Amino acid sequence: MKVLIAKPGLDGHDRGAKVVAQALRDAGLEVVYTGLKRTPEEIVHAAIQEDVEVIGLSVLSGAHALLAQRVLEGLRAQGAGEIKVVVGGIVPPRDVEALAALGVARVFPMGTPLGDIVAAFKEWSRS
Amino acid sequence: MRDIRAHAGFPVKPVYGPEDLAGFDPARDLGAPGEYPFTRGIHPHMYRDRLWTMRQYIGFGTPGETNARFKYLMAHGQDALNVAFDLPTQLGLDSDDPRAEGEVGRVGMAIDTLADMEEAFAGIPLDRVSVSLTINGMAAPITAMYYAVAEKQGAAADRVVTTPQNDILKEFIARGTWIYPVEPSLRLVADLIEFSAKRYPRSNPVSVCGYHIREAGCTTAQEMAYGLAIAAAYVQLMLARGMSVDEFAPRISFNFTCWGKIFEEVAKFRAGRRLYARMMRERFGATNPRSWMFRSLIGGGGSAFTVQEPENNIVRGAYIALAAALAGAQTMALPTYDEAYTIPSAKAQLIALRTMQICAEESGAADTVDPLAGSYHVEALTNEMETAIVAEMDAVERMGGIVEAVKSGALQAEVARQAYLFEQRLASGEIPKVAVNAFVSEGPADADREVELYAFDPKVAEAQAARLARIRRERDDRAARAALARLSGEARGQGNLMPAIGEAVAAYATLGEINRAMKDVFGEHKEPVRFA
């Protein structure tokens, strides 16, 4: 399975994104990383170009809902709505359901064990 | 017996004794407090003469809201400020820029023009309160705004004490608020240092940060090594401008984190002070003792705090404060217990401030200088840490030096690799974390959460945009445009940009306009994208 780890918006904290990227790579997935400060349009474009199955958005600034919404809208507009979107970062509990309602497949809030994140991706990879 | 390693990687023994200090020469390796090489601290009596400055990091919403929180903390005994700016401000985007959507006033306060800065510091006398500004890519214009506010308040230039972070090299490694390519970014760092050294002699125009690199995943030894390498790079930059080292070095300051193992952290700072003093005196030939002093904000360490059972973070904060005091901090700032959830609540901020005050007033940690000196363990650790730091500085040299290592992305890759190794040490239980990988409670990890979540108000963006529109309407537009044109022209040359930036600020040019005037000339940084 091929995945895109993406840093949307203006947030420059990339520790989590890079750790998850390394863990997924070591778990046998093919990982593409966007680098910092990508717009939702750039992320949608990269996901389609790279033909990934999952996009992992990493946001620590608090702007996760808006950015996830923009990426999901962009994917649907491009006919790529089948690409799963997951979100990791500083996501307070009250936002988890809101993200799910937008169409985010899974949320990995701060404090999620790395093993749980890898397990979720591997589950999709098998199915 | 369980094997234990320092965060830096070397083994920690169960017992230390005289045999661990073979060749140890207190006169050479420690010196007296306040004397070269400052291993024991930079002042003879440390906290007995002057307690560390308490400087909680805060800023959110509009300048008016932030001003109110500043005053709240000062009313409870905080004696200095530490300003957080929102991401659009840090990246030079106006509040009405499409790329700022959803971010205005979120992780700090929004600043668009000098008018915002005037409001942020209204009623706060800038000739008496020292203020650090967490700003890097936009340090030159934001500090120009700060100087302009101070001048408007009537503060004498030699009474203005501000510390813009202005450390762009660490932004390329961690934190990511870079804008321009590496070389013009360094030029702006140097412009602000040079201008401030000449005009605002008590300002600290650069705060070299190991903090954010450690937060991004590097080890304790790497944190100090990279910080010292960055400091050396800025010294060389200023020497290349024809300044003498003693003209600017006394005002270089540092910002480091302090979490994890208390004695390792103390050793890190003792070794760092010794190495910095030697580097400045022997390598760079500084003769003013103030140029040899590693003056540091110590504290922070949000990555030490956990989502699980957040109240435990209050206890972790107390240990951080103790370690920072034992390490000889000049300034202290603590993360708040709600760090992993939200922008700090007023309650969480107050608990952090009270934690430092309890450490200072009740614990005895501030009574005696460098109380761990002479401990077999701490002196041996200090020596081991010094060796480890030097090895990491050599590794940076093998990458071509810090500037080349940043341009190629080799250093960023090393930090990411260390972050991953740290996760593995956590997952294996080698690094214990209570309620995370040790003594984990039954039931959901989010039980008993009592965190007041900051209610981000999207109206902040509307308020800022309206204010910005009014400033654009009311200002002398011709003067603003002329100042911006002059700034672009100067950017094409080699001169110091601070006077032109100051002119644009005074004409109420927006931060976005000032950024664009420079970006048109400098271009944008292209990140060397890699995750390992």
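The values are calculated or read from the model by the stated rules, or taken from the named source; none is laboratory data. Nothing here was measured: the structure is a model prediction, and the numbers come from that model. Don't worry about glycine lacking a Cβ; one is built from the backbone with ideal geometry, like all the others, and counts go over all protein chains shown.
Filter segment B:73-86 down to the residues that are more than 11 Å from B:ILE58 (Cα to Cα) and in contact with a helix residue (DSSP H, G or I) (Cβ under 8 Å, 6 or more places away or on another chain), then identify the one that is modelled with the lowest pLDDT.
Per the criteria, the residue is B:GLN78.
Six or more apart or on different chains, Cβ under 7 Å: which pairs go from a residue in segment A:33-57 that's more than 14 Å from chain B (Cβ to nearest Cβ) and more than 20 Å from B:LEU91 (Cβ to Cβ) to one that's polar (S, T, N, Q) and surrounded by fewer than 16 Cβ atoms within 10 Å (Cβ to Cβ)? Could you list them?
Qualifying pairs under 7 Å: A:VAL44/A:GLN78; A:ILE48/A:GLN78.
Name the single residue that is nearest to B:VAL83 (Cα to Cα) among those in segment B:279-304 being modelled with pLDDT of 95 or more and in a loop (DSSP other than H, G, I, E, B).
Pass one, segment B:279-304, residues modelled with pLDDT of 95 or more: B:279-298.
Next, from what is left, pick out any that are in a loop (DSSP other than H, G, I, E, B): B:284-288, B:293-295.
Details: B:PHE284: 32, B:GLY285: 34, B:ALA286: 31, B:THR287: 33, B:ASN288: 30, B:MET293: 24, B:PHE294: 22, B:ARG295: 19 Å.
Among those that are modelled with pLDDT of 95 or more and in a loop (DSSP other than H, G, I, E, B), it is B:ARG295.
How many of the residues making up segment B:60-93 are part of a loop (DSSP other than H, G, I, E, B) and more than 15 Å from B:VAL129 (Cβ to Cβ)? Spell out the reasoning first.
Looking only at segment B:60-93, we keep the residues that are part of a loop (DSSP other than H, G, I, E, B), and these are B:60, B:62, B:76-79, B:84, B:86, B:91-93.
Subsequent filtering for residues that are more than 15 Å from B:VAL129 (Cβ to Cβ) retains B:60, B:62, B:84, B:86, B:91-93.
The total comes to 7.
For A:GLY62, work out the one condition from (1) facing another protein chain (nearest Cβ under 7 Å); (2) closer than 23 Å to B:ALA532 by Cα it doesn't fulfil.
So A:GLY62 meets the others, but not (2).
Search segment B:94-113 for residues being of a type outside the set (Gly, Ala, Ser) and not in a loop (DSSP other than H, G, I, E, B), and hand back the single one that is nearest to B:GLY123 (Cα to Cα). Give the steps one after another, and end with the answer.
Pass one, segment B:94-113, residues of a type outside the set (Gly, Ala, Ser): B:94, B:96-99, B:101, B:103-104, B:106-107, B:109, B:111-113.
Remaining after also requiring not in a loop (DSSP other than H, G, I, E, B): B:98-99, B:109.
Details: B:PRO98: 33, B:ARG99: 32, B:MET109: 17 Å.
So, considering only residues that are of a type outside the set (Gly, Ala, Ser) and not in a loop (DSSP other than H, G, I, E, B), the one nearest to B:GLY123 (Cα to Cα) is B:MET109.
Take segment B:148-201 and flag every residue that is away from chain A (no Cβ under 14 Å) and in a loop (DSSP other than H, G, I, E, B).
Result: B:GLY154, B:ALA155, B:ALA156, B:VAL160, B:VAL161, B:ASN166, B:PRO181, B:TYR200, B:PRO201.
Looking only at segment B:261-290, which residues are of a type in the set (Phe, Trp, Tyr) and within 17 Å of B:GLY34 (Cα to Cα)?
Step one: list which residues in segment B:261-290 are of a type in the set (Phe, Trp, Tyr), which gives B:263, B:269, B:276, B:284.
Hits for segment B:261-290 are B:PHE269, B:TYR276.
Suppose we filter segment A:1-32 for residues that are facing chain B (nearest Cβ under 10 Å), among the hydrophobic types (A, V, I, L, M, F, W, C) and touching a Ser or Thr at 6+ places or on another chain (Cβ under 6 Å); how many remain?
1
I need the full set of residues from segment A:103-127 which are in a helix (DSSP H, G or I) and crowded, with 16+ Cβ neighbours inside 10 Å, in order please. Even if it seems obvious, please write down each step before you answer.
Within segment A:103-127, the first condition is being in a helix (DSSP H, G or I), and the residues that meet it are A:114-126.
Of everything in segment A:103-127, those that are in a helix (DSSP H, G or I) and crowded, with 16+ Cβ neighbours inside 10 Å turn out to be A:LEU114, A:ILE117, A:VAL118, A:ALA120, A:PHE121, A:TRP124, A:SER125.
Do we have A:VAL107 as free of Cβ contacts under 8 Å to residues at least 24 places away in the same chain and more than 12 Å from every other protein chain (Cβ to nearest Cβ) here? Working first, answer last.
Details: free of Cβ contacts under 8 Å to residues at least 24 places away in the same chain: yes; more than 12 Å from every other protein chain (Cβ to nearest Cβ): yes.
So A:VAL107 fits the description; yes.
With respect to A:LEU72, determine if the residue is more than 11 Å from every other protein chain (Cβ to nearest Cβ), surrounded by fewer than 23 Cβ atoms within 10 Å (Cβ to Cβ), touching a strand residue (DSSP E or B) at 6+ places or on another chain (Cβ under 9 Å) and not acidic (Asp, Glu).
Numbers: more than 11 Å from every other protein chain (Cβ to nearest Cβ): yes; surrounded by fewer than 23 Cβ atoms within 10 Å (Cβ to Cβ): yes; touching a strand residue (DSSP E or B) at 6+ places or on another chain (Cβ under 9 Å): yes; not acidic (Asp, Glu): yes.
When the stated conditions are applied, A:LEU72 passes them.
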